[in-house]
Amino acid sequence: MQQFVNVTLSGLTQGMIYAAFALALVLIWRSTRIVNFAQGSMAAATAFIALALINAGQSYWVALIVALASGFILGAVVERVIVRPVEGGPELNAVIVTLGLFVAIQALIAIIFGSSFQSFPTPFGVRGFTIGDTTILLTPTSVYIIVSVLITMALLVALFRFTRVGLAMRASAFGQEVARLLGVRVGRMLTLGWALAAVVGSLSGLLIAGGGFIYPAYMDSLIVFGFVAAVLGGLDSPVGAIVGGLILGLALSYVSGYVERGSALVNVSALVILMVVLLVRPGGLFASSTARRA
Amino acid sequence: MTDAQGSTSVSVGASAGAGARTAPGAALLEVEGLTSAYGPVRALDGVTLSAEAGRITAVLGANGAGKTTLLRTISGLVRPVAGRVTLGGEDITRAPVEAMVGKGMAHVPEGRGVIAELTVDENLRVGSLFRGKVEKSEFDRVYDIFPRIAERRDNPAHTLSGGERQMLVIGRALLAQPRILLLDEPSLGLAPRIVAQIFGLLRTLVDSEGLSVLLVEQNARSALSVADVGVVLNLGRVVVTDQARSLMADEGLRHAYLGF
C-alpha cells in the first residue's frame, strides 16, 4: 500500500511536468499548426539563465521569474524572426526549421554555459513526511511542482476564457481570416501565443531540473514524454494535454516501480502507450470538437 | 420575396432621416479600375462600381465571374494589381485588412465565417473587440433582431444551422457598427424561406438604420428582389450597372448572365 501511494504520487508529480510541457506544445499547435520541436531547448536555455543567476547569488524565486520572462521574450522572438517566414508555407518547412532551432539552441547553450553537468537547486525539501513508520513521498518539492503547474493552468484558462486578449487569441487560432476581417491583429496574437507557450515550457524545464542536474540536452527525455502526452490528448486539446500528461506520468511510474528492471523500460513503455492509444483512437483521447474549447 | 420588394418602395424615403454619416444616395464605397490577378489569370479586369449610402448594391454573375475576388480585393485580403478603392472619400486601397473594420467596412466572407470553436456569444464579442468596451445593450439589440441565435448564445457555433450561422455573422458584423456591410453569397445553401427572411432583415436594417450593403450573389433573382442597384459581372468585367428593377425586367440580360 505504502509503495502504491508513493509510486502514484511520484507519477502524478512527473505527470504534471509532462502536462505542462505538452500544454506548451498544444498552445502552439492550435494557433499555428506547427509542432515546436525547439520547445525543449528553448526551455533549457531559460533554465541555464536561471542557474547563472542563482550561482551569482540571486534567490531561486528571482531566478524563476527572470527565466520565465526570458522564456516569454525567447518565444516571441522565435515566432517573429524564425517561424513567421515559414508560416503558411509547406508544413515540412516549419518542422525542419524548429528541428534546426532545437539543435542550434542546444549548441548555443553548450558554447555559452558549457556542456558539463551542473546541479540545479530546488526551493523546497525532497523529504516525504512520516506517519507512524510509513513514509509518504509527498515531498514539499512535489507539492510545489503540482501547485505551480495548477496555478499556471488556472491562469491560462482565466486568460482565454475571461479576457479580451484571450478571446482575440482564440479567434486568431481558430479563424485567422475572419479574425483579421474583424480587426484582430492576428500576427500579434500568434506571437503572444508562442511567447506564452514558451513560458509554460520554461516552467516545465525548471521544475524537472529542480533537485537534479542540467546539461544542454537535459530536456531531451521530457521532449519525448511531453510530445507523447500531447498526442495522447489529441494535440489540439489543452485538457487532453493535461490528462495525457497525467496518464503518462502515472503509467511510467507504475512501470518503473512495479516491473522488474522497469526503469530501463520507461522509454519503451511511453512508445507502447502512444501506439496503443493511437491504434484505438487515432485522433487522440480528446480529439472530438466539443473538447476543443477552452 | 414580394414582402421584401414591397418594403423597398416604402422605406428608401424613410432612410433619408436615419442619420447615416453619408447622405443616402451619395457614393460611399467607390471602386475604380480594380484589377486583381492570381498568377497570369485576371480575376478582376478594370472593375468600376460604386455602392451608395443607405442602399443595397448587388453584384451578380455566374461562378467565376470575379464576385468573391471583388470583395476580397476591396477588403485587402487580395492585393490589386491596379485600381483604387475609396470609402467615404478616403483611399483604402493599400490599407491593412485589420484596419478595414475600423474604417467602417465589415466584410462577411463566403461560407458563413463563424468561428466554429467559439460560442455564439463569443463570436459576437469578437466582432466588437476592436471597439474596446461595448455596452451590453448593443448585444441585446443583435439578439432582438435575431431571436433564434439568442436562444443558443452559449452553444458552440458549430452546432448552429446554416441559417443561424448567417444570422450570427450578420449580427457580428453589425456589432462592428459598419458604414458598409460586404456580404459574400449569404444565400448559399439556405432554404428559400430562410433566404427571404435574411434578405428582408437586411432591407429593414438598411431602411431603418441607414446601413449600406454591397451584396455579392449568385442567386440573382433573390438578390435583385431586395437590392436597389445591380451590377452584373462576367469574366472579371462589369457588363452592366442599373436599377435592380430594370435588370429584373431585362429578359435578355437575365438569360445571358443571371441564369433565370
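Below, the figures for the structure above:
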quantity	calculated
Amide H partners (placed H, <5 Å) of residue B:59, local residues excluded	B:215, B:216, B:217, B:231
Residue-averaged beta-carbon neighbours from other chains (10 angstrom radius) around A:170-180	6
Likely footprinting exposure, A:91, B:32, fewest C-beta neighbours within 10 Å first	A:91, B:32
At 0.692 mPa s and 37 °C, Stokes D of the stretch A:93-159 from Kirkwood alpha-carbon radius, µm² per second	205
Spin-label pair residue B:26/residue A:260, simplified geometry with 7 Å Cα→Cβ offset, distance in nm	9.1
Residues of the stretch A:209-253 with amide N under 15 Å of a point placed 7 Å along Cα→Cβ from residue A:115	A:215-220
Using a Förster distance of 60 Å, the FRET efficiency for residue A:150-residue B:256 (Cβ separation, nearest 0.05)	0.35
Extension gain, residue A:66 back to residue A:130 (0.36 nm per residue minus Cα-Cα distance, nm)	19.5 nm
Shielding by partners, peptide B:127-137 (average Cβ within 10 angstrom, other chains)	2
Cα-based Rg / Dmax (Å) for the stretch A:213-266	12.5, 36
Under 14 Å from residue B:67, Cα to Cα: aspartates and glutamates that are on another chain or at least 8 residues apart	B:45, B:110, B:184, B:185, B:217
Loop-located trypsin sites (Lys or Arg not before Pro) in the stretch A:198-294 whose Cβ has at most 10 other Cβ within 10 Å (DSSP)	A:261
Debye-sum result for the protein assembly as shown in log10 I(q)/I(0), which assumes one identical scatterer on each alpha carbon, at q = 0.08, 0.11, 0.12 Å⁻¹	-0.64, -0.96, -1.07
Kirkwood Rh, Cα atoms: Rg over Rh of the stretch A:1-88	1.10
Estimated FRET transfer efficiency when R0 is 41 angstrom, pair residue A:91-residue B:153 (beta carbons, to 0.05)	0.70
Check: the stretch B:2-258 dipole with +1 on Lys, Arg Cβ and -1 on Asp, Glu Cβ, in debye	280
The protein assembly as shown, helix-only ellipticity at 222 nm - DSSP H runs n ≥ 4, -39,500 (n - 2.57), divided by all residues, nearest 500	-17500 deg cm²/dmol
Cross-link reach list, lysines versus residue B:103, counting only Cα pairs under 20 Å and skipping chain neighbours closer than eight places	B:133
Highest-first arrangement of B:245-254, B:200-209, A:173-182, B:184-193, where packing means the average Cβ count within 10 Å	A:173-182, B:200-209, B:184-193, B:245-254
Average beta-carbon neighbours from other chains, 10 Å sphere, peptide A:49-58	0
Extreme residue, positive dipole direction of the stretch A:162-270, given options A:213, A:263, A:187 (C-beta unit charges)	A:187
Nonlocal amide H pairs with residue B:52, under 5 Å, H built at 1.01 Å	B:28
Listed residues A:29, A:194, A:61, most fluctuating in chain A (Gaussian network, C-alpha, under 10 Å)	A:61
Peptide ranges A:14-26, B:93-105 listed from the most packed, as the mean C-beta count within 10 angstrom indicates	A:14-26, B:93-105
Value of Rg/Rh across the stretch B:97-223 [Cα atoms, Kirkwood radius]	0.93
Shape category assigned to the stretch A:166-291 from the gyration tensor of Cα positions, a/c cut at 1.5	oblate
Over the stretch A:145-222, equivalent-ellipsoid semi-axes from the Cα gyration tensor in Å	31, 15, 7
Dipole of chain B, positive end: most advanced residue of B:37, B:197, B:170 [Cβ charges, Cα centre]	B:37
Proxy reagent accessibility, fewest Cβ within 10 Å first, across B:168, A:108	A:108, B:168
Estimated Rh, chain A: Kirkwood, alpha-carbon pairs, angstrom	19.6
Axial C-alpha extent at least 18 Å, average Kyte-Doolittle at least -1.0 - helices from chain A (DSSP)	A:2-32, A:39-55, A:60-77, A:91-113, A:140-162, A:186-209, A:220-233, A:238-258, A:266-280
Pairwise centroid distance, computed over Cα atoms, of the stretch B:184-230 with the stretch A:213-236, Å	53
Burial order of peptide ranges B:139-152, B:116-129, B:231-244 (average beta-carbon count within 10 Å, highest first)	B:116-129, B:231-244, B:139-152
Cα-centred dipole magnitude for the protein assembly as shown, charges only on beta-carbon of K, R (+1) and D, E (-1), debye, nearest 20	360
Between the stretch A:1-72 and the stretch A:75-139, the alpha-carbon center distance in angstrom	6
Residues with amide H under 5 Å from that of residue B:238, placed H, sequence gap 5 or more	B:48
Kirkwood hydrodynamic radius (C-alpha pairs) into Stokes-Einstein, the stretch B:2-258, 20 °C and 1.002 mPa s, D in µm²/s	117
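Rule-based calculations on the coordinates, nothing more; no lab input. Please read these numbers as outputs of a predicted model, since none were measured by experiment. Methodologically, a virtual Cβ is constructed for each residue, glycine included, from the backbone with ideal geometry; neighbour enumeration extends over all protein chains shown.
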